[in-house]
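S.K.: Can you keep this structure in mind? I'll have questions shortly.
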Amino acid sequence: MDFEFDEDQRLLQQMVRETVTKSRSLPEEELWAQYRELGWLEAPPVELAIVLEELGYVADPTPFLATATWFAPLAGRLPEGSGTAVCDGTGRFVLDADRADEIALVTGDGVVVVKGSDVRADRVAVFDQTLHVAHVDAPGLVAGVPDLALMGLAITTVGSCRRILDMAVAHVKQRVQFDVPIGSFQAVKHKAADMYVAIERARALAYFSALTIAEDDPRRRRAAAMAKAAAGECQRVVFKHGLQLFGAMGFTWENELQIYLKRAKAGDLLLGTASEHRRALLA
Amino acid sequence: MRLTADPEVEEFRAEFSAFLDANLPSEQEAVPRSKSSADMPEWARRWQRTLFDAGWLLPGQPPEYGGRNATLAQQLAHLEELSRRRIYHSFNPQGLGIIAASLLTFGTEEQKRRWALPILRAEITAALGMSEPGAGSDLAGLRTRAVLAGDHFVVNGQKVWTSGAHDADVLLTFVRTDPEAPKHKGISVLLIPTDTEGVVRRPFGSITGPEDLDFNEVFFTDVRVPRENLVGPLNDGWRVANGSLGHERTMLWISFAERLEDLVRDAASDAEWYATLLMDLQALRLLGYRQLGGDQSPAQISVLKLLGSEAVQHASLHALEERGAEGLVHPAFTAPFNHMNHEPFISSWFERYVRSFAGTIAGGTSEIQRNIIAERILGLPR
């Protein structure tokens, strides 16, 4: 097997990085239009993972993740506008259901696609004010979470974790105490190294999941569970050490760290925590 | 990225697999057991010689050194196949993987002929003299002194943790040849035959028992070493050290993957730590494959070593704890019998957990690996 990006994938990664950095301050609608225009929603699984990792890195505010990895694999097409799916059998905490133009409902009779305006979706107030989740009221729901949705949430979380590590590293290099940068202390270095290894591990498993989906490999279900569990394990280390290394400065509203911390934690809590997916692997 | 295997690699793997089926020593042949990492019973020497002659010993080398000019991906397949069957290709692993490999890279033609080839053909065995009582993680602080006096060096000092030294024929020894130079710049490497006058070896038991004799202290008192036994240029030993260990470390992750696979097989559980073990194994393999085609910097190798060794320790601890008081029983048989590899078979769960510390201490502690990752990958100040 070959587990490296090919030339096109490397170029895509570079292009996505440049685009999301440049477009950071654009309004949500313009971002969304730009993603559509660039064809990112149509990207095959590995390329989609490359895009999502970078969107996680900037805590993308658009409904891209739900549209590309929740709605599309269940509906078998892209929505008019944005989309999401009610796929865990409960209708609770559905990503972007309050603002999706189309919603795929996984029911006992199969997948039914409805207009967003045709179902009741109540946005839930959550700790991360930029995150849209809603409770959807629909009958006959059953569980049918697509592998792509697990992979998508996993790699997005990895992207947010990478951002937290980058911010923490920049901080400990410049923050001077006892006349030296605190990043020269081993207690600090070892936390940063553990964050890095956790990210590398989760990132590898997320791309492996994308690859098994792309090739419809029989391991795809387990690979998706591994990816989601590893992303959850990763954010645990990265959240804890990232906030701790920033000290009081990370505890403020102004510091952007909070945005990525909240995204990373949401990535674990939505669609089953690490623990649930570990148990799924044992079943 | 692709999942499908490279036909060139799979052909190579199949050929090696068929070779192993036809040539592997039988259970009756494979006695007595090897007692240390430089103790090779006659059958083990024959086995290594068979691999050498067929070009399956170090496949990356040319045929005259026991190989077949294999690609890196093929070399990985070779190690995977050995590891899948839990076979050692040498019962003097450091002799093959570090000492002979270093001589092939840094040695003179004469040194290759006189020392590397006999090690590869298992005619002699070798041990590695690096660590000292005062030089462990800070290896460059080593103090064993070698003074050049005409056509020979005179060596005085002490090594420790010298695995297999009491059974080895020759020691690849790191010595200080310029005490005035900065510590990385005054080191040289000497081949010291263990029967030289003034060399005293004292094996000592490991935590697993007084009869487990692999560790050695080695004392050098006015040991005369011919000048032609200098490996690489004078005072350039640090480069040899990085090269020798680098060669070994590139594929070191496979040995951790092998331990993880053993645990997957031997410690099956329906508890969550077992799922973490499955994930650690999968992630280690993926990162190892990725490194094979791309980044082989020492820092990336540190990521693999840290991840692999800590994962083995984590899973071994859970396997032990899951057994509760039963975990105290020793000896206990915890793996299927394998005549080519007794260690896991005869190790209790307690012993297997304890042995996992060899992974987090030897070859650069986990703390040193974390420093390397923080400084060389993340750019934190030294």
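Here, each number is a calculation from the coordinates, and none is a lab measurement. None of the values given here were measured: they were computed from a predicted structure. With ideal geometry, Cβ positions are generated from the backbone for all residues, glycine too; neighbour counts draw on all protein chains shown.
S.K.: B:R376 versus A:Q186, label points 7 Å from Cα toward the beta carbon: distance in nm?
M.R.: Inter-label distance under the simple model: 1.8 nm.
S.K.: Please give the charge dipole size of chain A, origin at the Cα centre, charges +1 on K and R Cβ atoms and -1 on D and E Cβ atoms. Round to the nearest 20 debye.
M.R.: The calculated dipole for chain A is roughly 1200 debye.
S.K.: Provide the gained length on full extension for the span B:D195 to B:S137, in nm with one decimal, where the gain is 0.36 nm per separating residue minus the Cα-Cα distance.
M.R.: 18.0 nm
S.K.: Which residues in the range B:345-360 have a backbone N closer than 20 Å to a point placed 7 Å from the Cα of B:F333 along the Cα-to-Cβ line?
M.R.: Answer for the range B:345-360: B:345-353.
S.K.: Tell me which of B:S309, B:A140, A:G81 sits at the most positive position along the dipole axis of the protein assembly as shown, charges placed on C-beta atoms (Lys, Arg +1; Asp, Glu -1).
M.R.: Farthest towards the positive end: B:A140.
S.K.: Follow-up question, since we're still on this one. Can you give the alpha-carbon Rg of the range B:222-349 over 2.2 N^0.38 Å, where N counts its residues?
M.R.: Taking the Cα Rg and dividing by 2.2 N^0.38 Å, one obtains 1.40.
S.K.: Taking a 22 Å limit on the Cα-Cα distance, which of the listed pairs A:K240/A:K262; A:K189/B:K305; B:K159/B:K185; B:K183/B:K305 fall beyond it?
M.R.: From A:K240/A:K262; A:K189/B:K305; B:K159/B:K185; B:K183/B:K305, over 22 Å: B:K183/B:K305.
S.K.: Please name whichever of B:L281, A:C161, A:G140 sits farthest to the positive end of the charge dipole of the protein assembly as shown, dipole taken about the Cα centre and charges placed at Cβ: Lys and Arg +1, Asp and Glu -1.
M.R.: Toward the positive end, the furthest listed residue is A:C161.
S.K.: With a cut-off of 8 Å between alpha carbons and a minimum separation of six or more residues, what is the relative contact order of the range A:71-158 in percent?
M.R.: Over the range A:71-158, the number comes to 31 percent.
S.K.: Calculate the spin-label point distance for B:R224 paired with A:A248, positioning each point 7 Å from the Cα along the beta-carbon direction, and give it in nanometres.
M.R.: 7.2
S.K.: Might you report the magnitude of the Cβ-based charge dipole of the range B:43-116 about its Cα centre, with Lys and Arg at +1 and Asp and Glu at -1, to the nearest 20 debye?
M.R.: 300
S.K.: In whole Å, what is the distance between the alpha-carbon centres of the range B:153-232 and the range A:2-60?
M.R.: 56
S.K.: Which order do peptides B:328-338, B:53-63, A:224-234 fall in by mean Cβ count within 10 Å, highest first?
M.R.: Top of the packing list down: A:224-234, B:53-63, B:328-338.
S.K.: For peptide B:268-275, how many partner chain Cβ atoms fall within 10 Å of a residue's Cβ, on average?
M.R.: 4
S.K.: Let me ask you something else. If a/c stays under 1.5 just call it rounded; otherwise compare a/b with b/c (prolate if a/b is bigger, oblate if not). Do that for the range B:289-382, with a ≥ b ≥ c from the square roots of the Cα gyration tensor eigenvalues.
M.R.: Prolate shape, in that a/c is at least 1.5 and a/b is the bigger ratio.
S.K.: Distance between Cα centroids, the range A:227-283 to the range A:65-92: provide it in whole Å.
M.R.: Computed from Cα coordinates, the inter-centre distance equals 23 Å.
S.K.: Per 0.36 nm of contour for each residue apart, how much would the distance between A:V142 and A:E18 grow if the chain were fully extended, relative to their Cα-Cα spacing?
M.R.: 40.6 nm
S.K.: Would you mind working out the magnitude of the charge dipole of the range A:7-137 relative to its Cα centre, with +1 at each Lys and Arg C-beta and -1 at each Asp and Glu C-beta, to the nearest 20 Debye?
M.R.: For this selection, approximately 160 debye.
S.K.: Mind pulling the per residue volume of the convex hull built on the Cα atoms of the range B:126-235? Å³ is fine.
M.R.: Taking only Cα atoms, the range B:126-235 has a hull volume of 93 Å³ per residue.
S.K.: Between the range B:133-150 and the range B:319-382, what's the alpha-carbon centroid distance in Å?
M.R.: Between the Cα centres of the range B:133-150 and the range B:319-382 lies a distance of 29 Å.
S.K.: Relative contact order for the range B:274-372 using alpha-carbon pairs under 8 Å, separation at least 6, rounded to a whole percent?
M.R.: After rounding, I find 29 percent.
S.K.: Toward the positive end of the charge dipole of the range B:7-91, about the Cα centre and with charges on Cβ (Lys, Arg +1; Asp, Glu -1), which of B:I87, B:L76, B:L58 goes farthest?
M.R.: Going by the charge dipole, the pick is B:I87.
S.K.: Dividing the alpha-carbon radius of gyration of the range A:146-268 by 2.2 N^0.38 Å (N being the number of residues), what value is obtained?
M.R.: Cα Rg divided by the expected 2.2 N^0.38 Å: 1.16.
S.K.: Counting only other chains, what is the mean number of Cβ atoms within 10 angstrom of the Cβ of each residue in peptide A:180-191?
M.R.: 4
S.K.: Determine the shape class of the range A:1-107: with a ≥ b ≥ c the square roots of the Cα gyration tensor eigenvalues, call it rounded for a/c under 1.5, and otherwise prolate if a/b is greater than b/c, oblate otherwise.
M.R.: Here the range A:1-107 falls in the oblate category.
S.K.: While we're on this one: Could you check the simple spin-label distance between B:F204 and B:T365, using points 7 Å along Cα→Cβ, in nm with one decimal?
M.R.: 1.7
S.K.: Quickly estimate the mean residue ellipticity at 222 nm for chain B, helices only: each DSSP H run with n ≥ 4 gives -39500 (n - 2.57), and the total goes over all residues, rounded to 500.
M.R.: The helix contribution divided over chain B gives -12500 deg cm²/dmol.
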